[in-house]
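Below is one structure; the comments refer to it alone.
The values are calculated or read from the model by the stated rules, or taken from the named source; none is laboratory data. Keep in mind that this is a model prediction, so the values were computed, not measured. Cβ atoms come from the backbone with ideal geometry, glycine included; neighbour counts cover every protein chain shown. Side chains included, ligands, DNA and RNA excluded: accessible areas come from the protein's heavy atoms. Shrake-Rupley method; radii C 1.70, N 1.55, O 1.52, S 1.80 Å.
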Amino acid sequence: MFGIELKNVTRRFDNVLALDRVDLKINAGEFFCLLGPSGCGKTTLLRILAGFDQPENGRVFFGERDVTAVPPHERDTGMVFQNYALWPHMTVWKNVEYGLTMRNMARHERDQKVKRALEMVQMSGYAERSPNQLSGGQQQRVALARALVIEPGVVLLDEPLSNLDARLRLEMREQLQDLQRALGVTMVYVTHDQKEALAMGDRIAVMQMGEVAQIGAPRAVYTQPATRFVADFIGEINLISGEIKSVNPEVVATDVGEIRGHAGYENAQVGDRALCAIRPEALDFLLGEPNATDNVISGRVRQTTYLGEVEQFLVELATGSQIKLMKYGATARGAQPGDEVRLRFSQQRVIVLRDGEEDRDEAV
Amino acid sequence: MKRFDLNWPTLIFLLGLIAFFALFLFYPLWYAFVQSLVVDGRLTFAFYELMVTSPVYQEAILNSFRLGMITTIATTLLSLPLAFLLVRYDFAGKGFVNGLILVPMVLPPFVGAIGMKQMFARFGSINLLLMDLGLIDQPVDWFGGGGFVGVVILEVLHLYPIMYLNVAAALANVDPSLEDAARNMGSSGFRLFRTVTFPLMLPGYFAGAIIVFIWAFTDLGTPLIFNYRQVVAVEIFNSIEDINENPMAYALVVFVLLLTVFFFYLSKATLGNRRYEMIARGAVTSGSRPASRGMTLLIYAAMLSLTGIAMIPHVSVFLTSIAERWFMTVLPQETTGRFYAMVFEHPMSLSSIEMSLMLSVLSTTLDIGLGIAIAYLLTRTRIPYKGVLDAVAMLPLALPGLVLAFGYLAGYSGTFLDARHYPVPLLVIAYAVRRLPYMVRAAYAGLQQTSITLEEAARNLGASRLRTLLQITFPLILANLVAGGILCFAFAMLEVSDSLILALKDEYYPITKAIYALMGRIADGAFLASAMGVFGMVLLIVGLFLAGRFLGRRMGELFRA
């Protein structure tokens, strides 16, 4: 088991920058998620780790070892492919055994390890089946066993759950986490599903157009997004633009009044164009008097949507823009379309982001 | 809703189709089968006994097997590396190189043999050239083993493109992520090929190998020219004259037929239930990568030298056709165009061209009609036993021409279709049946790629079924139909086994039979035959080129099993 380090890795496909000077450190034994929309470079990054693709620039280290030029079959990684890539001309057993055979392991040792690996993923009864006779979830587990049986230094997973239906996905998610914890192996997990990344990762790297936008623990990435892109991509968020009036604590002058929050980026200056990012669940209807740390804005309810465990309100502000509010576990009806309401939100839950020009085009 | 679309026109056409296949596909085979087993109303296995006990037939069968095996192995060794280079690497001019591979197919191997015999004779160009260069002292017997080597060389040079098309398709269909997975598990190089890539290619490879084997096993023209007579095909051919006294040929034909069936059954039984394509899902990375400069150079060097060697028969046929005098010299001493003039003067060559044109036009017309109708039924209607219709229409692809032609000759002997009196109807049908799969495939591909909603849109706006067919469907698939038609025509013009077996009177000889007959009949036979061969070659090149233009890159699909 080892950690992974990427230094200044660049990869270009026909003038499209798939990876742009990426620096990344993955700790040994960590469950690390690469998260981003399609085309952000996360799969390219994973293929570079596996050795299927070479960076034009930069180096890749497994522990102390520079593996940049090492061919895939000498890397000692175990990869789980998005389409599982189980060999259809081999049985489940042969598929799992293959990596051990390639390592010239003795027969009885192979048998033992394959048996254990299949037990680990609860596929012992299917050893003699052909992969074609298995369901998606079963194929998934065999692919996992194949990657784990060689006891690799790192397991690479390329959207392994994306071909499964929703319920199975949840089940596999838990199994995968349990396995990772039990084995203590480093896992690099590529996904475009932010919920998956939040639920599974020890840390997440959010990628955007070939660059790493933010790295951090799930909680940090969710509550403290570093850019508008990250804020938008993970979960839902309301953005109110304005200009920074004073710093520490930050006060932003907006069209709906002054909003107090805290900067999500370094060196926030008075006069910066800024966005106040507020999660919908951070908002609440103000019924009595506000606390000293609360921001308050007012508007009119446009639409309510009842979703069971949560009720969602769209509130139109004085400027005409809309803001979303979510209330969990509401038993009685909170507000109705047309109601004039005041909204409160604590200043701890307002992240002040830079309103950069470059962000504006990319963010939704 | 009804389970099937069976209106009266469809039903009548289907019945006609059944009758057609019954009469001209199954009856001839059945006839040969019965004749090989029943003599004077009694069941006998005497002929099969003779086949395995007589040294003559043993020898012939053994030779044919050797011919088939060696040809299959040699074409495999040629096409596997070739397929890897051309499928796995991207380089400038890839389309051109892919086209180059098909070039050797434009000459029936037996015509090439005529030229090769001149060039590789004891005192032919090659030996003389090598002796001039001081590389050898004594002339080399190139076609050693009584011509066996010569036959093998020509079969290999003619058939490796077919093997290549199958192998390349099989390789291209291997999901790259399956190889990536193996590399990830520590496999590489030949080990990766042996454990993962080749097993996955096996179904496609096997299909190609069977075609090549059967083709070499049953080729008639090439052994005849090399006078290598101890093979099954020639034995069958020789017994045509006295078929009524010696029914041995029936047994041999049935043997070839059973062999073919056996191989296809074997491939189905061992590989048929493996549907490798099905499992690959999700994002698939591209399996090819750009070739480096050195690699590109290597690819071109390999391709050009291979094509160069494969073109030796063509070049030698051309040289022979323009040689005024060619004896004991490397190149002809004097060249002449008189053999080309002779093609249009000699009564046999002239009538054979007329004959071939007529036969090809008629058989192609029949193919187009049947092909479109069958493809339409398969893609656009719900009829019972669709799979059977599909299989039957494709059957001639696997059936050796020799077997079918022999069945026609024997089965319709004594009827108004008797080829001994007037072979034209049977020749037209034989040509048509043999090429039908190409036409069905071409039309099928067109119909499948044309969205049915385009037709439904026309129906929705009030066009009748027939009108939709004529105004919407046909124009959309015209390119496919034209390409299929050109292929049928070009191959019919140079058809060998049907022509050799079914045309038994001088005045009904098609081109190929005339070439064969002229070889032995007149003093300048080889030269005149070569000139006719060049004509045929040009015709086939133009045909393939035109078909390629209409069909684009999908052309290779027509030659795959």
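Quick notes
- All of (1) open to solvent by 20 Å² or more (accessible area, probe 1.4 Å); (2) in contact with a strand residue (DSSP E or B) (Cβ under 8 Å, 6 or more places away or on another chain); (3) part of a loop (DSSP other than H, G, I, E, B); (4) more than 12 Å from every other protein chain (Cβ to nearest Cβ) hold for residue A:128 with one exception: (2).
- Filtering segment A:283-310 to residues that are under 14 Å from residue A:348 (Cβ atoms) and open to solvent by 70 Å² or more (accessible area, probe 1.4 Å) leaves A:291, A:292.
- Considering residues of segment A:161-178 that are part of a helix (DSSP H, G or I) and touching a strand residue (DSSP E or B) at 6+ places or on another chain (Cβ under 9 Å) only, the residue nearest to the other protein chains (Cβ to nearest Cβ): A:176
- Checked against (1) under 17 Å from residue A:211 (Cβ atoms); (2) buried (at least 22 other Cβ atoms within 10 Å of the Cβ), residue A:7 passes all but condition (2).
- Search result, residues across segment B:125-145 that are open to solvent by less than 20 Å² (accessible area, probe 1.4 Å) and either in a loop (DSSP other than H, G, I, E, B) or acidic (Asp, Glu) (or both): B:144
- Residues in segment A:73-89 that are within 7 Å of another protein chain (Cβ to nearest Cβ), out of contact with any strand residue (DSSP E or B) (no Cβ under 6 Å at 6 or more places or on another chain) and either among the small types (Gly, Ala, Ser) or closer than 12 Å to residue A:160 by Cβ (or both): 2 in all.
- Breaking point among (1) surrounded by 21 or more Cβ atoms within 10 Å (Cβ to Cβ); (2) at pLDDT below 90, for residue A:249: (1)
- A single member of B:192, B:178 is crowded, with 18+ Cβ neighbours inside 10 Å, in contact (Cβ under 8 Å) with a residue 60 or more places away in the chain and closer than 30 Å to residue A:88 by Cα, and it is B:178.
- Entirely in segment A:199-316, the strands (runs of 3 or more DSSP E) that have 2 or more residues that are without any contact (Cβ under 8 Å) to a residue 60 or more places away in the chain: A:211-216, A:238-246, A:250-254, A:257-263, A:294-306
- Residue in segment A:138-149 that is open to solvent by 10 Å² or more (accessible area, probe 1.4 Å), facing chain B (nearest Cβ under 10 Å), farther than 30 Å from residue A:208 by Cβ and at pLDDT below 90 present: no
- Residues that are charged (D, E, K, R) and touching a Leu at 6+ places or on another chain (Cβ under 7 Å), drawn from segment B:162-186: B:179, B:183
- Residue A:92 under 23 Å from residue A:164 (Cβ atoms), more than 9 Å from every other protein chain (Cβ to nearest Cβ), in contact with a helix residue (DSSP H, G or I) (Cβ under 9 Å, 6 or more places away or on another chain) and open to solvent by less than 50 Å² (accessible area, probe 1.4 Å): yes
- Selection count, segment A:179-198, where residues are part of a loop (DSSP other than H, G, I, E, B) and out of contact with any Pro (no Cβ under 9 Å at 6 or more places or on another chain): 2
Listed here are the residues, each with its yes/no results for (1) in contact with a Phe, Trp or Tyr (Cβ under 6 Å, 6 or more places away or on another chain); (2) open to solvent by less than 50 Å² (accessible area, probe 1.4 Å).
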site	(1), (2)
B:115	no, yes
B:123	no, no
B:147	yes, yes
B:171	no, yes
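- Filter pass, residue A:101 being surrounded by fewer than 24 Cβ atoms within 10 Å (Cβ to Cβ), closer than 23 Å to residue B:189 by Cα, more than 9 Å from chain B (Cβ to nearest Cβ) and of a type in the set (S, T, N, Q): no
- Just one of the listed residues (B:321, B:351, B:363) is among the small types (Gly, Ala, Ser) and touching a Lys or Arg at 6+ places or on another chain (Cβ under 8 Å), namely B:363.
- In segment A:27-72, the residue that is farthest from the other protein chains (Cβ to nearest Cβ) out of those that are farther than 21 Å from residue A:211 by Cβ, open to solvent by less than 30 Å² (accessible area, probe 1.4 Å) and among the aromatic types (Phe, Trp, Tyr) is A:31.
- Those residues of segment A:10-50 which are among the basic types (Lys, Arg) and over 19 Å from the mean Cα position of the chain (by Cα), in sequence order: A:11, A:12, A:21
- Out of B:555, B:532, one residue alone is open to solvent by less than 20 Å² (accessible area, probe 1.4 Å) and modelled with pLDDT of 85 or more. It is B:532.
- Qualifying positions in segment B:332-379 - polar (S, T, N, Q) and open to solvent by 20 Å² or more (accessible area, probe 1.4 Å): B:333, B:335, B:336, B:351, B:365, B:379
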